[in-house]
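Worksheet: the structure to be examined is printed underneath.
The values are calculated or read from the model by the stated rules, or taken from the named source; none is laboratory data. These figures come from a predicted structure and were not determined experimentally. We place every Cβ from the backbone using ideal geometry, glycine too, and count neighbours over all the protein chains shown. All accessible areas refer to the heavy atoms of the entire protein, side chains included, with ligands and DNA or RNA removed. Shrake-Rupley method; radii C 1.70, N 1.55, O 1.52, S 1.80 Å.
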Amino acid sequence: MPTLSDQTFLDTTADRLAGLPTVQGVTLGGSRAQGTERPDSDWDLAVYYRGGFDPAGLRALGWEGEVCELGAWGGGVFNGGAWLTIDGRRVDVHYRDLDVVEHELAEAEQGRFRVEPLMFHLAGIPTYLLAAELAINKVLRGELPRPAAYPPALRETAPPHWHGMAAATLAYAKAGHAPKGAVTQVAGAIALAATQTAHAVLAARGEWVTNEKGLVARAGLGEADALVGNLTAGPDALVRAVADAEALFRRAGRAGEAP
């Protein structure tokens, strides 16, 4: 059970993280940064470092949990972290390389990005997620770069990329999975395309996304739940379901086009 108040816990934890070698800043993210947390929500913290980071320093703080090495979460922009218990609270600590962050901020301003695979994310993560984090999260210690606004260039380039991915996902499902009565694969394809379309819609609106939680609902794509929930075996029914998904996501694309 926690022994400290939330604010005291946050202050002491941020101080200890900020004291690690090469750490330039510490942020609070997730629902607790946006004021939408539940009492049992975990705490998402990030350490921003310059010139390398040795997880052994974090491990030496003595907190219970698992501290991963750099690159252990896939080796991309989301380059590792730790799952800890601190004063009875569940805490995730993410590693952020400031050189990489500043590069991706500059890329996002020019409308350039990549999509990287990451566990727990159906559609992967766009590299502009690093900019989204800095725009939304609370800086607890240090000074960090922050985007002034959602880059206009990104509003132009991200939606067609995501819509194209969604269209390809459903086209493959219609041709390769639905005719074989593959219910599970069709369900997965619709779920993936819904997530990709949601990214497109929110990018067109100029709304930052830091993860996929609630993403489909935010984009107004709740009808996708019914499509998946009502899937039945049989090639003809599955082909119709994919066609209905295509129509739904096309409508969302037209409605969400950037002005």
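Just the number, please: carbon plus sulfur as a percent of the accessible area of the stretch 48-171, 1.4 Å probe, no ligands or DNA/RNA counted.
Values: 3140 of 5660 Å².
Carbon and sulfur atoms account for 55 percent of the accessible area of the stretch 48-171.
Modelling each spin label as a point 7 Å along the Cα-to-Cβ direction, I'd like the residue 109/residue 240 distance in nm, to one decimal. Between residue 109 and residue 240, the simple spin-label model gives 5.3 nm.
Cβ-Cβ distance of residue 64 and residue 148, R₀ of 35 Å, FRET efficiency by 1/(1 + (r/R0)^6): the value works out to about 0.30. Model label points for residue 156 and residue 254, set 7 angstrom from Cα along the Cα-to-Cβ axis, are 2.4 nm apart. Give the shape of the stretch 104-168 as rounded, prolate or oblate, defined through the alpha-carbon gyration tensor: a ≥ b ≥ c are the square roots of its eigenvalues, a/c under 1.5 means rounded, and otherwise the shape is prolate if a/b is larger than b/c and oblate if not. Oblate.
Taking the empirical scaling 2.2 N^0.38 Å for compact globular proteins as reference, the stretch 204-259 has a Cα radius of gyration ratio of 1.32. Quick check on the stretch 164-250: take the gyration tensor over C-alpha atoms, sort the square-rooted eigenvalues as a ≥ b ≥ c, and tell me if it's rounded (a/c under 1.5), prolate or oblate. Note, shape of the stretch 164-250 comes out prolate. If you take all other residues with their beta carbon under 10 Å from the beta carbon of residue 76, and give Lys and Arg +1 and Asp and Glu -1, the sum is 0.
Pop out the Kirkwood hydrodynamic radius of the chain from its pairwise C-alpha distances, inverse of mean 1/r, in Å to one decimal. Write down the numbers at each step before the final one.
Details: mean 1/r = 0.0505 Å⁻¹.
Taking every pair of different Cα atoms in the chain, averaging 1/r and inverting gives 19.8 Å.
The residue 100 and residue 247 beta-carbon pair, evaluated with R₀ = 45 Å, returns a calculated FRET efficiency of approximately 0.70.
Calculate, for residue 24 and residue 3, the FRET efficiency according to 1/(1 + (r/R0)^6) with r their C-beta to C-beta distance and R0 30 Å; round to the nearest 0.05. Write down the numbers at each step before the final one.
Numbers: r = 30 Å, r/R0 = 0.99.
Once the sixth-power term is evaluated, E becomes 0.50.
In the elastic network of the chain, a GNM with C-alpha springs shorter than 10 Å, the most mobile of 104, 143, 133 is 143.
When you restrict to C-alpha pairs under 8 Å that are six or more residues apart and normalise by the size of the stretch 12-93, the relative contact order lands at 25 percent. Take every DSSP beta bridge whose two residues both sit in the chain; close to 75 percent of them are antiparallel.
Do me a favour and compute the ellipsoid semi-axes for the stretch 113-239 from its Cα gyration tensor, root of five times each eigenvalue, largest one first, whole Å. Before the final figure, lay out each step's value.
On the way: eigenvalues 212, 37, 29 Å².
Result for the stretch 113-239: semi-axes of 33, 14, 12 Å.
Legend: Rg and Dmax of the stretch 14-167, from Cα coordinates, 15.8, 48 Å. Once the Cα atoms are used to define both axes, helix 6-18 deviates from the longest principal axis of the chain by about 80 degrees.
For a quick protection proxy, order the peptides 146-155, 39-48, 229-238 by their average other-Cβ count within 10 Å, most packed first.
Numbers: 146-155: 15.4, 39-48: 19.0, 229-238: 13.5.
Packing order, densest peptide first, comes out as 39-48, 146-155, 229-238.
What is the angle, in °, between the Cα long axis of helix 98-109 and the longest principal axis of the Cα atoms in the chain? Nearest 10 is fine, range 0 to 90. Its long axis makes an angle of about 40 degrees. Principal-axis analysis of the Cα atoms of the chain puts helix 183-205 at an angle of about 70° to the longest axis.
Can you give me the C-alpha center-to-center distance between the stretch 134-164 and the stretch 51-118, rounded to a whole angstrom? Taking the Cα centre of the stretch 51-118 as reference, the centre of the stretch 134-164 is 18 Å away.
Using helices alone, I'd like the mean residue ellipticity at 222 nm for the chain: each DSSP H run of four-plus residues gives -39500 (n - 2.57), total over residue count, nearest 500. Let's see the in-between values first.
Working: 10 runs with 119 residues, N = 259.
Helix contribution divided over all residues of the chain: -14000 deg cm²/dmol.
Partner lysines whose Cα lies under 30 Å from the Cα of residue 213, excluding those fewer than 8 positions away in the same chain, are identified as 138, 174.
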